[in-house]
Amino acid sequence: MGREVRRVPLDFDWPFNKIWDGFLSPDRFDEEKCPDCANGYSPRAQNLYDLWYGKIPFDLATTGSTPWGPDTPAIRTRAEQNIANAPEYYGSGEPAIVREARRLADLFNGSWSHHLAQEDVDALVAGERLHDFTHTWTRENGWQPKEPPVVPTAAQVNEWSLAGLAHDGINASVVIRARCEREGIDDTCPTCKGYASLEKYEGQRAEAEAWEPTEPPKGDGWQLWETVSEGSPISPVFAAAEELADWMSSPAYTWGAVKADSDRPSYESALSFVKSGWAPSFVSTAQTGVVSGVEWIGAQGD
């Protein structure tokens, strides 16, 4: 996600902030919603999905897990962070922290995702979904498995899940499908075969899979596009790279987080970015802190 420079015709006139039609899959590929499922799961798998996310009551006894309390260190720490980040919403002081810790404990005790059994953890390890426990990471070699292999306990994984960004939708799917397999039950909706939708006509899905996006026309102009969405123009078309850089360093450039003069790149940074062609929205390093991607690209030329 970020910004990029596209070379388009000088008379290119697509509306600002409107996604280029060629990047959007045509409506004719939209299928009918499956009448028998919400997301491609069988009834039992859907039940497990709802338990995972706490959409229906979860019984800790089913996994043999111990309930969390407001004094659980990870919950207490998270409550303190929430209070510090938004005292105007949560209040302040010890009473607010205790109240928030109780809320978090109740929330986490209500979902399977924070109370896995060892079989669930084993499935995640087999699916290589617990790298924080089973691998080490270095800049030179990336993620590498630990030797000898490590299999974390359910208690370790459950406590880890309280900290924030832990389990995702893939982890949920791995655990749900493994549970269904252990129970000898199909995890897939028999009506739609797991797609959660039905073709309106035979071959519709194959046509959609074969579809490819169409790029905007190419030309001699220089134009700034955002790539946070599928892609849309956010500047006029200019005849020269220097003109686009000048525009980006002027008050006319107000897209996204750019609101004040201090948010805009210098002309030199903007020109470096234009010649580079792409920059992320933001870059964070130990040396610079959080800076705009355009400024970071510009600094690389210093």
When only Cα pairs under 8 Å and 6 or more residues apart are kept, what is the percent relative contact order across the range 160-255? 12
So what is the relative contact order for the chain, in percent, with contacts set as C-alpha pairs under 8 Å and at least six apart? 31
Label-point separation in nm, Thr227 to Asp71, each point 7 Å along Cα→Cβ: 5.2
Over 24 Å between C-alpha atoms is what I'm after, so list which of Lys18/Lys193; Lys218/Lys275; Lys33/Lys193 land there. Lys18/Lys193
Taking 0.36 nm per residue of separation and subtracting the Cα-Cα distance, what length does fully extending Leu198 through Glu181 add? 3.6 nm
Relative contact order of the range 43-183: what whole-number percent is it, with Cα pairs under 8 angstrom and at least 6 residues apart? 28
Do any trypsin sites (Lys or Arg not before Pro) in the range 167-236 lie in a DSSP loop with no more than 13 other beta carbon atoms within 10 Å, and if so, which? Lys193, Lys200, Lys218
Taking a cut-off of 30 Å, what percent of all Cα-Cα pairs in the chain are separated by more than that? 59
So if each residue of separation counts as 0.36 nm, and I subtract the Cα-Cα distance between Arg205 and Val290, what length gain in nm does that give? 26.4 nm
Suppose each label sits 7 Å from its Cα in the direction of the beta carbon; what would the Ala239-Arg102 distance come out to in nanometres? 7.1
So which residue, out of Glu88, Glu80, Glu140, gets the largest mean-square fluctuation from a GNM of the chain using Cα contacts under 10 Å as springs? Glu140
In vacuum, with every alpha carbon of the range 43-183 counted as one equal point scatterer, what does the Debye formula give for log10 I(q)/I(0) at q = 0.12, 0.13, 0.16, 0.19 Å⁻¹? Two decimals, please. -0.56, -0.64, -0.89, -1.10
Using only C-alpha atoms and all pairs of different ones, pull out the Kirkwood radius for the range 166-241 in Å with one decimal. 17.6
Need the full-extension length gain, Phe23 to Tyr89, defined as separation in residues times 0.36 nm minus the C-alpha distance. One decimal, nm. 19.7 nm
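The numbers here are math on the coordinates, done by the rules we state, and not lab data. Just so we're clear, the structure is a prediction, and the values are computed from it rather than from any experiment. Don't worry about glycine lacking a Cβ; one is built from the backbone with ideal geometry, like all the others, and counts go over all protein chains shown.
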